[in-house]
Amino acid sequence: MEGSPLTDGRSKRLIAYHEVGHAIIGSLVKAHDPVQKVTVIPRGQAKGLTWFTPDDEQSLISRAQLKARIMGALGGRAAEDVVFGEGEITTGAGGDFQQVASMARQMVTRFGMSNLGPIALEGGNQEVFVGRDLMTRSEVSDSISRQIDESIRVMVKACYKETYDLISNNREAMDKLVELLIEKETMDGEEFVQILSEYTSIPEKVRTPQLLN
């Protein structure tokens, strides 16, 4: 449910940068869904929202698409980091990081999409697979657990660096989009991409579903 528009200028600007960060990454990463709408009007507990929409439902998702989702989720924090500096980053990315952790862990432990190789280390119920033997999490060796954690950390760190660089390299476009979003409070995807395209080229999209806050 839509809430009342923010009146605090600093908070509104920070939230605008956060949401525009999501939307810029969603627009510039080829495998990410295109932007449908960006708003700084609160909805529920979210202070702002960025929507991405698919062409149609997909039952199979590629590694590139999962990586794009991780980068899109990290776009809000990266924008805060670029604009306000590490000392001024906020708790606004908490929900995004939960999504990132879940996606990255599944890539490592279920889908064989990491440097640990093509092996399933967990099932949907968090059971752990090693070869043909089924074990509970408590029975997994500390070595395997450390490898899983390190693989997730390396993956997310690399995605964040790529996300940060994209945001940093498009700072001028981001500033312009933030000013417009603060003024209009809601922008549709077509207008967002049209303005962004005045500063950089927009790749052809491969669409997959996602909603970030």
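Whether any residue in the stretch 74-97 is within 22 Å of ILE24 (Cβ to Cβ), among the basic types (Lys, Arg) and modelled with pLDDT of 80 or more is what I want to check. Yes, some residue in the stretch 74-97 is within 22 Å of ILE24 (Cβ to Cβ), among the basic types (Lys, Arg) and modelled with pLDDT of 80 or more.
Against the numbered list (1) at pLDDT below 90; (2) surrounded by 14 or more Cβ atoms within 10 Å (Cβ to Cβ), SER141 comes up short only at (2). Pairing each residue of the stretch 165-192 that is of a type in the set (Lys, Arg) with any residue that is outside any loop (DSSP other than H, G, I, E, B) and surrounded by 16 or more Cβ atoms within 10 Å (Cβ to Cβ), provided the two are 6+ apart or on different chains, yields C-beta distances under 7 Å for ARG171/VAL82.
The values are calculated or read from the model by the stated rules, or taken from the named source; none is laboratory data. The structure displayed is predicted, hence computed values, not measured ones. Cβ atoms come from the backbone with ideal geometry, glycine included; neighbour counts cover every protein chain shown.
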